[in-house]
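What follows is one structure encoded as structure tokens, with my remarks underneath.
The values are calculated or read from the model by the stated rules, or taken from the named source; none is laboratory data. From a predicted model like this one, the values you see are computed outputs, not experimental measurements. Positions of Cβ are generated from backbone atoms using ideal geometry, with glycine treated the same way; all protein chains shown enter the neighbour counts. Protein only, heavy atoms only, side chains kept; ligands, DNA and RNA dropped before computing areas. Shrake-Rupley method; radii C 1.70, N 1.55, O 1.52, S 1.80 Å.
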Amino acid sequence: MSRIPAMSPVLSQEEEKESNIMTKLLGVIAIAAVAFAVAPAQAAKHSMGGCSGANLEKTETAMEAMPDGDGKFAAAKEVTAAQDALLNGKMGVCGMHLNKAMHATMGK
């Protein structure tokens with residue numbers, strides 16, 4: 001196909017805009033990917049001092065004191081997931097679940 005010479009600057013500008021948008025979009029995707037990769041590790045670091053047997057025990061004690069209901073069920077589910085993650089060496093995941101369990105014991 002032949003291009004009309006008068007139209008080529010317009011096509012060039014459109015292609016440049018598309019390229020610029022794609023570059024920005026890829027940058028945003030890369031930043032989001034890094035944020036999602038770092039989030040579990042940060043949760044383990046900052047929530048309740050991290051994932052440990054002592055923190056699991058504190059959370060279980062608080063959970064046992066809760067009245068039966070949806071909150072207690074949710075906390076028990078998170079504690080179980082935290083224990084499983086701890087046993088598999090996934091400290092970031094463990095901290096995240098432990099944090100969720102503690103929030104559930106506080107009624108949040």
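Residues that are open to solvent by less than 50 Å² (accessible area, probe 1.4 Å), at pLDDT below 70 and either of a type in the set (K, R) or not in a helix (DSSP H, G or I) (or both) within the range 43-69 comprise just one, S47. Annotation: E78 fulfils all but one of (1) open to solvent by less than 60 Å² (accessible area, probe 1.4 Å); (2) over 16 Å from the mean Cα position of the chain (by Cα); (3) of a type outside the set (S, T, Y); (4) modelled with pLDDT of 90 or more; the unmet one is (2). Going through (1) open to solvent by 60 Å² or more (accessible area, probe 1.4 Å); (2) farther than 16 Å from K58 by Cβ one by one, H103 falls short only on (2).
Against the conditions (1) open to solvent by 40 Å² or more (accessible area, probe 1.4 Å); (2) part of a helix (DSSP H, G or I); (3) at pLDDT below 90; (4) not aliphatic (A, V, I, L, M), D84 satisfies every one except (3). Taking the condition within 21 Å of N99 (Cβ to Cβ), modelled with pLDDT under 85, of a type in the set (A, V, I, L, M, F, W, C) and part of a helix (DSSP H, G or I), does A35 pass? So A35 fits the description; yes.
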